[in-house]
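Nothing in this text is a laboratory measurement; each read-out follows from the coordinates by a stated rule. Being a predicted model, the structure only gives us computed values, none of them experimental. Quick reminder, even Gly has a Cβ in these numbers, built from the backbone with ideal geometry, and neighbours come from all protein chains shown.
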Amino acid sequence: MASSDALSDPRRPRPLSPHLSIYRMSMTMAMSIAHRISGGALYVGVLLLAWFLISASADASTFAVFSDFIGSFIGRLVLFVVTWALFHHLVGGVRHLIWDAGYGLDAPLRDQMAWATLIGGFALTVLAWIVGLAVG
């Protein structure tokens, strides 16, 4: 049998790629997923920023609509999530920059850096909101 015939043989067993059920969820996997989610949430933040800039350049009634939304509970919640997304994505990017330099790839430090990403993102978010509320 020729080699090209062996490749097209339907009875030949095909290798199976590992699926998510094979892997045990680790902290670095969770932070990778959270990094993608935070990147998606930043799109919402850009839309909010665009809405703010457009309403600020328009008349007072248009800006009042934006101000009413951003001052509501839902608006503040969305703004808090976008703030978290910004800081989480920032800290995750720093973690990847450190990895790209060849540091922190070993088993215990890798997970510690993943936990630091999670905790650092939330800590910076809370700190920014405390400063923002104190100043404003």
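Overview of values
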quantity: Selected from 25, 57, 86, residue furthest toward positive end of dipole (the chain; charges at beta carbon); calculated: 25
quantity: Gain on full stretching of the segment that runs from residue 68 to residue 94 - 0.36 nm per residue minus C-alpha separation; calculated: 5.8 nm
quantity: Taking the convex hull of Cα positions in segment 29-135, its mean projected area over all directions (nm²); calculated: 7.9 nm²
quantity: Length released on extending from residue 126 to residue 53, taking residue separation times 0.36 nm less the Cα-Cα span; calculated: 23.8 nm
quantity: Dipole in debye (nearest 20) - the chain, about Cα centre, beta carbon charges: Lys, Arg +1; Asp, Glu -1; calculated: 400 debye
quantity: Per-residue [θ]222 nm for the chain (sum of -39500 (n - 2.57) over DSSP H runs n ≥ 4, rounded to 500); calculated: -27000 deg cm²/dmol
quantity: Exposure rule at most 16 other beta-carbon atoms within 10 Å, DSSP loop trypsin sites (Lys or Arg not before Pro): the chain longest free segment; calculated: 25-136
